[in-house]
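Data block below; observations after.
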Protein chains: 2
Amino acid sequence: MKYMNLSLLNEAAKFLVQYGEENGLSKDTISDRQRCVSKEIKSTGTYTHTLEEITFGAKLAWRNSTKCIGRLFWETLDVFDARHVESPDEVAHYLHQHIKHATNAGKIRSTITVFPPLKQNEPQKVQLWSPQLIRYAGYTLDNHKVIGDPACIELTKIAQKMGWKGEGGPYDLLPVIFQWKDEVPIMVPITKEEILEVQIDHPVHQNWGPLNLKWYAVPIISDRYLEIGGLRYPAPFNGWYMETEIAARNFVDSYRYNRLRDVAEHLGLDTSSTTTFWRDKALVELQHAVYASFKQAGVQIVDHYTAAQQFQTFRDKEEKQQREVKGDWTWLIPPVSPALTPIFHQGIVNEELTPNFFKQKRSSL
Amino acid sequence: MKYMNLSLLNEAAKFLVQYGEENGLSKDTISDRQRCVSKEIKSTGTYTHTLEEITFGAKLAWRNSTKCIGRLFWETLDVFDARHVESPDEVAHYLHQHIKHATNAGKIRSTITVFPPLKQNEPQKVQLWSPQLIRYAGYTLDNHKVIGDPACIELTKIAQKMGWKGEGGPYDLLPVIFQWKDEVPIMVPITKEEILEVQIDHPVHQNWGPLNLKWYAVPIISDRYLEIGGLRYPAPFNGWYMETEIAARNFVDSYRYNRLRDVAEHLGLDTSSTTTFWRDKALVELQHAVYASFKQAGVQIVDHYTAAQQFQTFRDKEEKQQREVKGDWTWLIPPVSPALTPIFHQGIVNEELTPNFFKQKRSSL
Ligand code: HEM
Ligand code: HEM
């Protein structure tokens, strides 16, 4: 406990200095705030961020996310303060509100909702079990085939154990599952009405209806902690999609929807041999289709080439501020034509600064 | 010198054990050979590999090359022993012979030629300055445009200083430049007649003549040392090409031939916006064209998907021998559709074992 507090004191002090300096606060103001926080930690074991601190801290966490290519826009994050929720219903309210605010009829807003922080010797108030607020169920059939998203088989089973019944289709919306304190987990149904989905068609080689490819508009990651100044908050966040996430991974990975061959056959490509390059050709048409369908539906999305250019601009801007951008090369390069982007050709230091997002271990059913 | 010898003794012993064990030699035979080598090192400061040791050592160096996706075939390396060369002419002879043996009218043979090892307190006998035995010149024009291969501008200038005159075209064969002992560097002309080149056309969207894309058949890397048991040999080596090396890097990198836009325009793609995905589409057609043209010309080449599968087989085979394959993920993933290969989805330990190939610092003109 003593040790914990010391490290918390240090982390808090470090963050308060960074917060103060980047926001042009005077030395006095900063050290006043530090004194105040130290006192609070010494008497209560923890401390409370101001709304401004938590807002700026969340933006810094995004700026520091080594795996994120979308960081140029780190200052435009909308932060909802849900630290004061007192019941599961309030949590559900904030989850729905996050979806609504972020979706914004397709003009997606980068958003984060900050739930109560973890505290020593207290049960965690809110623990989100779902990896994203919007997810499609995955069902294993008797013949070991999977309907839906194989990434969600476990979550689907948990929901089913809790009494949820899916329709058995490829795109059944799962409820969000979360735990309130030590209680049994709770399901929050997510309805088709409150989300946006995009049916995928190809702008040139049309008639993709029979392929039945669709995806939801907003990826809202919900299994990370937001760490600011030594405190850890459950905090779902979202940006908008880069097309490869859907079109090169979700639809294509052999352990996800695995639809590449279907797409190639639908395009009439010669799939009899690897060396017709049908995989690469189908993959690129799929990028085009997903991108164009989102645009057509008025849903914000970015292509990987533009995203890489934006990342370059981010690096340039940061360097002008004497801040070296950290990054995880293996995540930052897009999985389609990576060598066409400058990221591929440059080194980048892979180091985790705080504030940041960290993966959280979940209790199990 | 004492210290140097100790480390040489250790490296030699380590290699001799590995050599002996992997080749089923008895414990006695191995320790006899170790004793013999120790004596030689103690009296002469160095030692001499048998032909068998150097042959096996070179294969191990390939097997240990963390950046190489082509390692399934590590046992099929043809090794030429050129340790006894006594003159620049003999070096030139071995270089021509390497090209001839490796090229083999298109049925490319993985080949390595081993030149005399570096020795303490003696000038290095053979020092290859050229990064590959076959290379195209690069000329900077007054308007800063480049004709030919921008990667070879420096080497071209060196050749020009030495009296070489290129034709100023995009695919002028550079001479091989090497140094014999402390003498001034020497040029070995490489003629069109002794090499193979492939003119690139597309098997479906034909008529790529106006694009004037061609490449040589065999990449013979010549600026690495082969290190075996503490000794370092200049040793050019080659395999055959994977199509991406030519079609996603040499022709495409903005700091190489930079021809992607030309290809896209020739294909009639709409290059007015990034989000027609013209870059990715042109890139894939270029893979197809390079691959098919090589095949059509009877020149061995492998596509990146097949190469990745072969690498997987290599990993499986090695694991059966209880050997963990080391690798550099950032090099092993192909630069086209990497997520379609298993390599992308797996971790791999990046560690340099010896024997191996190491980059060599070159003296400068
Ligand atoms: C605004 C548009 C955004 C785009 C286009 C974008 C793009 C991406 C992409 C392509 C990835 C890699 C995903 C994968 O391969 O699974 C990623 C990862 C990540 N992004 Fe962003 N992002 C955006 C907004 C945000 C926001 C608002 C945050 C946080 C406030 C954020 C934090 C992260 C984090 C923490 C990861 C790593 C996720 C993980 O470990 O699984 N991003 N982003
Ligand atoms: C037989 C067919 C072969 C194929 C298809 C192949 C494929 C490749 C590829 C695609 C690369 C990456 C090149 C780059 O991105 O610049 C590579 C690198 C490498 N390969 Fe292989 N390879 C083959 C044979 C060999 C042989 C025979 C050796 C040595 C005996 C070798 C040793 C290496 C080394 C040392 C590298 C790293 C080169 C560097 O650091 O620039 N490979 N290989």
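The values are calculated or read from the model by the stated rules, or taken from the named source; none is laboratory data. Predicted model, so just to flag it, every value in this text is computed and none were measured. Neighbour counts run over all protein chains shown; Cβ positions are idealised from the backbone, glycine included.
Quick check on this structure: which one of A:Gln346, A:Gln309, A:Gln300, A:Gln360 is within 16 Å of ligand 2 (Cβ to nearest atom) and polar (S, T, N, Q)? Write out each step before concluding.
On the way: A:Gln309 fails: within 16 Å of ligand 2 (Cβ to nearest atom); A:Gln300 fails: within 16 Å of ligand 2 (Cβ to nearest atom); A:Gln360 fails: within 16 Å of ligand 2 (Cβ to nearest atom).
Matching residue, one of A:Gln346, A:Gln309, A:Gln300, A:Gln360: A:Gln346.
Residue-wise test of (1) within 13 Å of ligand 1 (Cβ to nearest atom); (2) farther than 24 Å from A:Tyr139 by Cβ; (3) β-branched (Val, Ile, Thr).
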{"residue": "A:Leu213", "(1), (2), (3)": "no, no, no"}
{"residue": "A:Tyr216", "(1), (2), (3)": "no, no, no"}
{"residue": "A:Tyr241", "(1), (2), (3)": "yes, yes, no"}
{"residue": "A:Tyr255", "(1), (2), (3)": "no, no, no"}
{"residue": "A:Val284", "(1), (2), (3)": "no, yes, yes"}
{"residue": "A:His288", "(1), (2), (3)": "no, yes, no"}
{"residue": "A:Ala308", "(1), (2), (3)": "yes, yes, no"}
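One residue stands out among those in the stretch B:344-365 that are in contact with a helix residue (DSSP H, G or I) (Cβ under 7 Å, 6 or more places away or on another chain) and assigned to a strand (DSSP E or B): the one that is surrounded by the most Cβ atoms within 10 Å (Cβ to Cβ), which is B:Phe357. Of all residues in the stretch B:105-133, those being under 19 Å from B:Leu173 (Cα atoms) and either surrounded by 24 or more Cβ atoms within 10 Å (Cβ to Cβ) or touching an Asp or Glu at 6+ places or on another chain (Cβ under 7 Å) (or both) number 4.
Residues in the stretch B:33-68 that are in contact with a Leu (Cβ under 9 Å, 6 or more places away or on another chain), among the small types (Gly, Ala, Ser) and either within 14 Å of another protein chain (Cβ to nearest Cβ) or away from ligand 2 (no atom under 12 Å from the Cβ) (or both): B:Ser38, B:Gly45. For A:Leu283, the conditions (1) surrounded by fewer than 20 Cβ atoms within 10 Å (Cβ to Cβ); (2) of a type outside the set (Phe, Trp, Tyr); (3) in a helix (DSSP H, G or I) all hold with the exception of (1). Restricting attention to the stretch A:324-343 and to residues that are assigned to a loop (DSSP other than H, G, I, E, B) and out of contact with any Leu (no Cβ under 8 Å at 6 or more places or on another chain), the residue that is farthest from ligand 1 (Cβ to nearest atom) turns out to be A:Glu324. When B:Ile134, B:Ile200 are checked against the criterion of being closer than 30 Å to B:Lys281 by Cα, at pLDDT 95 or above and out of contact with any helix residue (DSSP H, G or I) (no Cβ under 6 Å at 6 or more places or on another chain), a single residue qualifies: B:Ile134.
The criterion of being within 14 Å of chain B (Cβ to nearest Cβ), not polar (S, T, N, Q) and not in a helix (DSSP H, G or I) holds for A:Asp270. When residues in the stretch B:38-78 are screened for being polar (S, T, N, Q), over 30 Å from B:Glu122 (Cβ atoms) and surrounded by 15 or more Cβ atoms within 10 Å (Cβ to Cβ), 1 of them pass.
For B:Ala58, the criteria (1) farther than 18 Å from B:Asn356 by Cα; (2) in contact (Cβ under 8 Å) with a residue 40 or more places away in the chain hold in every case but one, which is (1).
If I go through the stretch B:53-70 residue by residue, how many of them are in a helix (DSSP H, G or I) and not basic (Lys, Arg)? Explain how you work it out, then say what you get.
Of the residues in the stretch B:53-70, the ones in a helix (DSSP H, G or I) are B:53-63.
From what is left, the residues that are not basic (Lys, Arg) are B:53-58, B:60-62.
Qualifying residue count, the stretch B:53-70: 9.
Just so you know, in the stretch B:74-93 the residues that are assigned to a loop (DSSP other than H, G, I, E, B) and not small (Gly, Ala, Ser) include one that is nearest to B:Ile134 (Cα to Cα), and it is B:Leu77.
Contact map, the stretch A:233-255: residues that are more than 14 Å from every other protein chain (Cβ to nearest Cβ) and surrounded by fewer than 24 Cβ atoms within 10 Å (Cβ to Cβ) paired with residues that are at pLDDT 95 or above and part of a strand (DSSP E or B), Cβ distance under 8 Å, separation 6+ or inter-chain. Pairs shown: A:Trp240/A:Ile301; A:Trp240/A:Val302.
Each row is one residue, and each column tells you yes or no for (1) part of a helix (DSSP H, G or I); (2) of a type in the set (A, V, I, L, M, F, W, C); (3) over 21 Å from B:Leu226 (Cβ atoms).
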| site | (1), (2), (3) |
| --- | --- |
| B:Leu72 | yes, yes, no |
| B:Leu95 | yes, yes, no |
| B:Ile147 | no, yes, yes |
| B:Ile158 | yes, yes, yes |
| B:Gly169 | no, no, yes |
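Looking only at residues in the stretch B:318-343 that are surrounded by 17 or more Cβ atoms within 10 Å (Cβ to Cβ) and either among the charged types (D, E, K, R) or under 19 Å from the mean Cα position of the chain (by Cα) (or both), which one is farthest from the other protein chains (Cβ to nearest Cβ)? Taking the candidates together, the pick is B:Glu318. B:Glu352 fulfils the conditions (1) more than 10 Å from chain A (Cβ to nearest Cβ); (2) closer than 24 Å to B:Gln132 by Cβ; (3) without any contact (Cβ under 8 Å) to a residue 24 or more places away in the chain; (4) touching a Ser or Thr at 6+ places or on another chain (Cβ under 8 Å) except for a single criterion, (3).
Does any residue of the stretch A:304-315 turn out to be among the charged types (D, E, K, R) and assigned to a helix (DSSP H, G or I)? Before you say what the answer is, go through the steps one by one.
Pass one, the stretch A:304-315, residues among the charged types (D, E, K, R): A:315.
Of the ones still in play, those that are also assigned to a helix (DSSP H, G or I) are A:315.
There is at least one residue in the stretch A:304-315 that is among the charged types (D, E, K, R) and assigned to a helix (DSSP H, G or I).
With respect to the conditions (1) at the interface with chain B (Cβ under 10 Å from one of its Cβ atoms); (2) farther than 17 Å from B:Pro334 by Cβ; (3) basic (Lys, Arg), A:Arg261 falls short on a single one, namely (1).
Can you pull out the residues in the stretch B:281-307 that are in contact (Cβ under 8 Å) with a residue 12 or more places away in the chain, under 25 Å from B:Leu60 (Cβ atoms) and at the interface with chain A (Cβ under 10 Å from one of its Cβ atoms)? Talk me through it step by step, then tell me what you get.
Residues of the stretch B:281-307 in contact (Cβ under 8 Å) with a residue 12 or more places away in the chain: B:281-294, B:296-305, B:307.
From the residues that got through so far, the ones that are under 25 Å from B:Leu60 (Cβ atoms) too are B:300, B:302, B:307.
Passing the criteria: only B:Val302.
The set of residues from the stretch B:69-111 being more than 16 Å from ligand 2 (Cβ to nearest atom), of a type outside the set (Gly, Ala, Ser) and touching a residue at least 40 places away in the same chain (Cβ under 8 Å) comprises B:Arg83, B:Val85, B:Pro88, B:Val91, B:Leu95, B:His96, B:Lys100.
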